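Only the coordinates and a few stated rules stand behind these numbers; no lab work does. Given the structure is predicted, the values throughout are model-derived calculations rather than measurements. Please note: Cβ atoms are built from the backbone with ideal geometry, for glycine as well, and neighbour counts cover all protein chains shown.
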Amino acid sequence: MSTPSSLQHLIDSLRVLPGVGPKSASRMAYHLLQRDQTGADSLAHAIMTALATLKHCQLCNTFTESDICEICADENRTHEQLCVVEMPTDLLMVEQTLAYHGLYFVLMGRLSPLDGIGPKDIAFSRLLERASDGIVKEVILSTNFTVEGEATAHYLAEMLRARGLTVSRIARGLPVGGELEHADPSTLAQALVERRTLAG
């Protein structure tokens, strides 16, 4: 017996989510259709609304409903510091530490040659433009301590230092191979406090 085409399309669509394989996608699809059609309708509406209303902040590149996000629009932030993270979830984790009061830039990814992701595939040029505004003095590289995150930090450090900027890297209070999204706020706060300047 073949799966109805609309059901198969739903299953295939759910598989775009990270960590969701064919079995998980099938379970989700059947659950939404059989047990929670209200939830399915709410999910569909939320996705359509997000796609229609969210855009990238013109300054930091995170998701926002305005041209400039709330953090970038905050006059009380330290405008001389720019913390570079891979994803919006990492930005939220740094904010939860309450240890950082500067601004951010979200790359929306990281270098990963094995996955075909190079400098042109993430917002490197926008970051360089943002960091070269004449106000930013220090760029804090807060990419993850994974192989890809370290490679991204090294690449960015070379380019930013060439523009006369002070470049620092959050300290290894975070475990090697760890990701910011899964770190507890106190560990991340300590990593920010103990950041180091990267030598040329």
Open item on the list: Taking 0.36 nm per residue of sequence separation and subtracting the Cα-Cα distance, how much length would be gained by fully extending the chain between ALA50 and SER2, in nm to one decimal?
Closed with: 14.0 nm
Open item on the list: I'd like the Karplus ³J(HN,Hα) series for the range 162-171: coefficients 6.51, -1.76, 1.60, θ = phi - 60°, whole numbers in Hz, and an x wherever there's a Gly or Pro.
Closed with: 5, 9, x, 8, 6, 10, 10, 10, 4, 6
TODO: Using the charge dipole of the chain (Lys, Arg: +1 at Cβ; Asp, Glu: -1 at Cβ; taken about the Cα centre), state which of PRO185, PRO113, CYS57 has its Cα farthest towards the positive end.
DONE: PRO113
Task: 13 Å beta-carbon shell around PRO185, net charge (K/R +1, D/E -1) - done: -4
- [ ] Could you pull out the trypsin sites (Lys or Arg not before Pro) across the range 91-137 that fall in loop regions by DSSP (anything but H, G, I, E, B) with no more than 16 other Cβ atoms inside 10 Å?
- [x] LYS137
Open item on the list: Please give me, ordered by residue number, the trypsin sites (Lys or Arg not before Pro) of the range 18-106 that lie in loop per DSSP and have at most 10 other Cβ atoms within 10 Å.
Closed with: ARG35
Open item on the list: Going Cα to Cα from LYS120, which lysines come in below 20 Å? Please leave out same-chain ones fewer than 8 positions away.
Closed with: LYS55
- [ ] Extending each Cα 7 Å along its Cβ direction at ILE68 and VAL193, get the distance between those two points in nm, one decimal.
- [x] 3.2
Open item on the list: Taking the Cα centre as origin and putting +1 on Lys and Arg beta-carbons and -1 on Asp and Glu beta-carbons, what dipole magnitude results for the chain, to the nearest 20 debye?
Closed with: 420
- [ ] Using only the Cα atoms of the range 5-53, build the gyration tensor, take square roots of its eigenvalues as a ≥ b ≥ c, and label the shape rounded, prolate or oblate: rounded if a/c is under 1.5, else prolate if a/b is larger than b/c, else oblate.
- [x] oblate
